[in-house]
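**Q** Just dropping this structure here.
The values are calculated or read from the model by the stated rules, or taken from the named source; none is laboratory data. Remember, predicted model here, so these are calculated numbers, not experimental data. All Cβ positions, glycine included, derive from the backbone under ideal geometry; neighbour counts span all protein chains shown.
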Amino acid sequence: MKLASIHVYPVKSMRGLALAEASVETRGLQHDRRWMLVDGKARFITARQHPLLLRFAAETIRDGLVLFAPDGSARAVAEPPGSAPTLAVGIWKSQSPARLADAATNEWLSHHLGFAVRLVHMAEDCVRAVAGEWSEPGDIVSFADGFPLLLIGSASLDLLNSKLAQPVTMTHFRPSIVVQTREAHVEDRWRRIRIGAAEFAVVKPCTRCILTTIDPETAIAAADGEPLVTLRSYRREAIGITFGQNLLVRATATITAGMAVEVIE
């Protein structure tokens, strides 16, 4: 098996970037979801409630980002300095320290989104632990929902699309890494994998939500509820509708598209 593609999402819920290679760090791929939007109560904002976020893009630059609004306008934003205000931001049931971006950037984003938001950054000293029931001491994560990486096998998408009247793309599921597989959902049986010198524990199926029904290009939700309706018919488990596997990092290294993927356990 080979590593088919690598994806990072510099700002949570904004468009992702496909990369030829990426550095695997303890909390996930370098530059992945180290930025996030929060509301006035410092709670995370995602495309589940505000699909327009999917039409915003972000590119990483040295010590910051360039943000792109749907109308094509752009704004560069620097990583907040160590002296910037620190917030305790809420992500589901967890909290994380984060530094607040400059006021002008927050005004720019609020204007383009049509409601008040603040952009926050996870610096190296802003540490968020993975939920204890799925992790070991020292496991940390970015602003991702719960785990450092999400893996999906290509054959799993092929099976889903064979059941749909209108096929969907892998982008609907926002994976970190896609593995070229021949058997649908074979990743469900993996417990540990190696890609180059990087190693990962496969710890929990990824439960899927309404975000999968929103077209990642148009930000319009599918009227028929697909692909979630079809997934419910054959991928419903006790924990919910699952598609893909969440990973924890066990050895850091650089990974490159096309590398062999080895199942260790």
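**Q** Might you check whether a residue that is polar (S, T, N, Q), part of a helix (DSSP H, G or I) and over 16 Å from the mean Cα position of the chain (by Cα) occurs anywhere in segment 162-183?
**A** Initially, segment 162-183 is screened for residues polar (S, T, N, Q), giving 162, 166, 169, 171, 176, 180-181.
The next check asks that each one be part of a helix (DSSP H, G or I); those that pass are 162, 171.
Of the ones still in play, those that are also over 16 Å from the mean Cα position of the chain (by Cα) are 162.
Yes, some residue in segment 162-183 is polar (S, T, N, Q), part of a helix (DSSP H, G or I) and over 16 Å from the mean Cα position of the chain (by Cα).
**Q** May I pose another question? Condition first: part of a loop (DSSP other than H, G, I, E, B) and among the polar types (S, T, N, Q). Can you find one or more residues in segment 74-86 that meet it?
**A** Applying the first criterion (part of a loop (DSSP other than H, G, I, E, B)) to segment 74-86 yields 79-85.
If we keep only those that are among the polar types (S, T, N, Q) too, we end up with 83.
Yes, segment 74-86 has at least one match.
**Q** Given the structure, is F147 of a type in the set (F, W, Y), touching a residue at least 40 places away in the same chain (Cβ under 8 Å), within 30 Å of R192 (Cβ to Cβ) and not in a helix (DSSP H, G or I)?
**A** Details: of a type in the set (F, W, Y): yes; touching a residue at least 40 places away in the same chain (Cβ under 8 Å): yes; within 30 Å of R192 (Cβ to Cβ): yes; not in a helix (DSSP H, G or I): yes.
Answer is yes for this residue.
**Q** Sticking with this one: What are the residues in segment 14-66 that are in contact with a Phe, Trp or Tyr (Cβ under 8 Å, 6 or more places away or on another chain) and of a type in the set (K, R), if any?
**A** Matches in segment 14-66: R15, R33, R34.
**Q** If you don't mind, there's one more thing I want to ask. Looking at A18, is it free of Cβ contacts under 8 Å to residues at least 40 places away in the same chain and within 13 Å of the chain's Cα centre (by Cα)? Give the steps one after another, and end with the answer.
**A** On the way: free of Cβ contacts under 8 Å to residues at least 40 places away in the same chain: yes; within 13 Å of the chain's Cα centre (by Cα): yes.
Yes, satisfied.
**Q** If you don't mind, there's one more thing I want to ask. Which residue out of F243, F200 is buried (at least 20 other Cβ atoms within 10 Å of the Cβ), within 25 Å of P167 (Cβ to Cβ) and either modelled with pLDDT of 95 or more or not aliphatic (A, V, I, L, M) (or both)? Working first, answer last.
**A** Working: F200 fails: within 25 Å of P167 (Cβ to Cβ).
None of the others qualify; the one that does is F243.
**Q** Under the condition of being small (G, A, S) and under 24 Å from A251 (Cα atoms), which residue from segment 21-56 is nearest to the chain's Cα centre (by Cα)? Walk me through how you get there before you give the answer.
**A** Step one: of segment 21-56, the residues small (G, A, S) are 22-23, 28, 40, 42, 47.
Those left that are additionally under 24 Å from A251 (Cα atoms): 22-23, 28.
Numbers: A22: 14, S23: 15, G28: 10 Å.
If we take residues in segment 21-56 being small (G, A, S) and under 24 Å from A251 (Cα atoms), then G28 is nearest to the chain's Cα centre (by Cα).
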